[in-house]
Every structure is written in C-alpha cells, then in structure tokens.
Amino acid sequence: MPHVIVKMYAGRTEQEKTRLAEEMTKAVRTAIGSADKSITVAIEDIAPEDWAEKVYRPDIKAKWDTVYKKPGYDPL
C-alpha cells in the first residue's frame, strides 16, 4: 500500500499535478510491482518562502537516512 507524498513549490496547474500523480503511479508500479488500486499520491503545495521550515528541516534534514535521492542544495 504505497502512499507517495510530493511536496513542491506552489504554482503548478491541476493538469501538471494530475500528470505527475499518473507518472508517480507508473513508477511505483514498475519499481515494486504494486497494483494501481493500492497506490495513492498526494501533492502538497508549499510557498517558496516556507520551504526551508516546512519541508527541508523536518522532512529532509531531520530524516536524512530515509532520503534515497539526496538534494543538491542546502537552503539553510
């Protein structure tokens, strides 16, 4: 039952978000063999000025050992 949460800068269209969710679903299905009916994808819009405090510190820096694709930036 994979549940994927994508946090990204606000400003994408609903069409872009839907396309991203479809592509994420395909990737999960291909990578680990989950059925479409068991995959969910959520997208959270984050204001750029809030990124460091709402995403980078709590979800990236504080959970570094769970981040499998590391960022190439450090906003702190």
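The values are calculated or read from the model by the stated rules, or taken from the named source; none is laboratory data. As the structure is a computational prediction, the values presented were derived from the model and not from experiment. Every residue, glycine among them, receives a Cβ derived from its backbone with ideal geometry; neighbour counts consider all protein chains shown. Just so you know, the surface numbers come from the protein's heavy atoms only, side chains and all, with ligands and any DNA or RNA stripped out. Shrake-Rupley method; radii C 1.70, N 1.55, O 1.52, S 1.80 Å.
Based on what the data block shows, is ASP36 of a type in the set (Asp, Glu), over 12 Å from the mean Cα position of the chain (by Cα), farther than 23 Å from PRO71 by Cα and open to solvent by 30 Å² or more (accessible area, probe 1.4 Å)?
The answer is yes for ASP36.
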**Study point:** Tally of residues being open to solvent by 50 Å² or more (accessible area, probe 1.4 Å) and of a type in the set (Ser, Thr, Tyr) across the range 55-68
**Key:** 2
Check your understanding: Among ALA42, ALA21, ALA27, ALA52, which is surrounded by 10 or more Cβ atoms within 10 Å (Cβ to Cβ) and not in a helix (DSSP H, G or I)?
Key -> ALA42
Check your understanding: Here are some conditions: (1) open to solvent by 40 Å² or more (accessible area, probe 1.4 Å); (2) in a loop (DSSP other than H, G, I, E, B). PRO71 meets all but one. Which one does it not meet?
Key -> (1)
Revision key, fill the gap. By residue number, the members of the range 1-18 that are open to solvent by 60 Å² or more (accessible area, probe 1.4 Å), within 20 Å of PRO71 (Cβ to Cβ), in a strand (DSSP E or B) and not charged (D, E, K, R) are ILE5, TYR9
Review point. List, please: which pairs have Cβ atoms under 6 Å, are six or more places apart or on different chains, and start with a residue in the range 45-68 that is under 15 Å from ILE5 (Cβ atoms) and among the hydrophobic types (A, V, I, L, M, F, W, C) and end with one that is open to solvent by 30 Å² or more (accessible area, probe 1.4 Å) and in a helix (DSSP H, G or I)?
Key: ILE46/LYS54
Check your understanding: Does any residue in the range 10-26 that is more than 13 Å from VAL41 (Cβ to Cβ) come within less than 6 Å, Cβ to Cβ, of a residue that is part of a loop (DSSP other than H, G, I, E, B) six or more places away or on a different chain, and which pairs are these?
Key -> ALA10/ALA47
